[in-house]
Amino acid sequence: MAQMIERTKAKLEEARRLLGKLQAERLRQVQQATPTASPEFLLLLNTFIKTARSVLWVLQSEEKEKYDAWQSSPGAMVSPAEKAIFDLVTNSIEKRQSAN
């Protein structure tokens with residue numbers, strides 16, 4: 001049973017590494033006074049969002065009963081403002097990627 005959560009841990013670690021790269025790229029842009037997001041930043045952001053979103057799917061596949069119990073708890077609720085921001089970022093990245 002202890003190994004069931006390993007894929008979720010691996011996906012979280014992947015998201016953590018991507019976030020570090022994203023932060024480093026943003027810092028590089030700030031230091032160079034780059035006014036717009038670089039293609040590298042946008043690619044990292046897109047990859048990070050996709051990876052972070054997949055954490056819940058992996059968790060659900062590994063521990064369905066626990067995931068379902070957590071999902072229905074008040075602590076799992078996302079505020080409308082948080083959802084709006086997440087949707088805005090996700091949609092703008094997906095549109096930008098499809099335009100390229």
What angle do you read, to the nearest 10 degrees and between 0 and 90, between the alpha-carbon axis of helix 80-99 and the longest principal axis of the chain?
60
With a 1.4 Å probe and every protein chain left in place, tell me how much accessible area THR8 has, in Å² to the nearest 10.
10
Measuring from the longest principal axis of the C-alpha atoms of the chain, the long axis of helix 6-31 (C-alpha) lies at a number of degrees, nearest 10, equal to 20
To the nearest 10 square angstrom, what accessible area does PHE48 show with a 1.4 Å probe?
50
Just tell me which lysines come within less than 21 Å, Cα to Cα, of LYS83; anything on the same chain fewer than 8 places away is out.
LYS50, LYS95
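Subtract the Cα-Cα distance of ARG26 and PHE86 from 0.36 nm times their separation in residues, and report this length gain in nm to one decimal. Intermediate results must be reported in sequence, preceding the final value.
On the way: separation 60, 0.36 × 60 = 21.60 nm, distance 1.90 nm.
Here the answer is 19.7 nm.
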I'd like the Karplus ³J(HN,Hα) series for the range 69-79: coefficients 6.51, -1.76, 1.60, θ = phi - 60°, whole numbers in Hz, and an x wherever there's a Gly or Pro.
5, 5, 4, 8, 7, x, x, 8, 5, 9, 5
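Given the DSSP H assignment, sum -39500 (n - 2.57) over each helix run of at least 4 residues in the chain and divide by its residue total; what's the result at 222 nm in deg cm²/dmol, nearest 500?
On the way: 4 runs with 78 residues, N = 100.
The helix contribution divided over the chain gives -26500 deg cm²/dmol.
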Using a 1.4 Å probe on the protein heavy atoms only, what accessible surface does LYS64 show? Give it in Å² to the nearest 10.
110
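If I take every Cα pair under 8 Å that is 6 or more residues apart in the chain, average their sequence separation and divide by the length, what percent do I get for the relative contact order?
34
The values are calculated or read from the model by the stated rules, or taken from the named source; none is laboratory data. On a predicted model such as this, the values are computed, not experimentally measured, just so you know. For accessibility, only protein heavy atoms count, side chains too; no ligands or nucleic acids. Shrake-Rupley method; radii C 1.70, N 1.55, O 1.52, S 1.80 Å.
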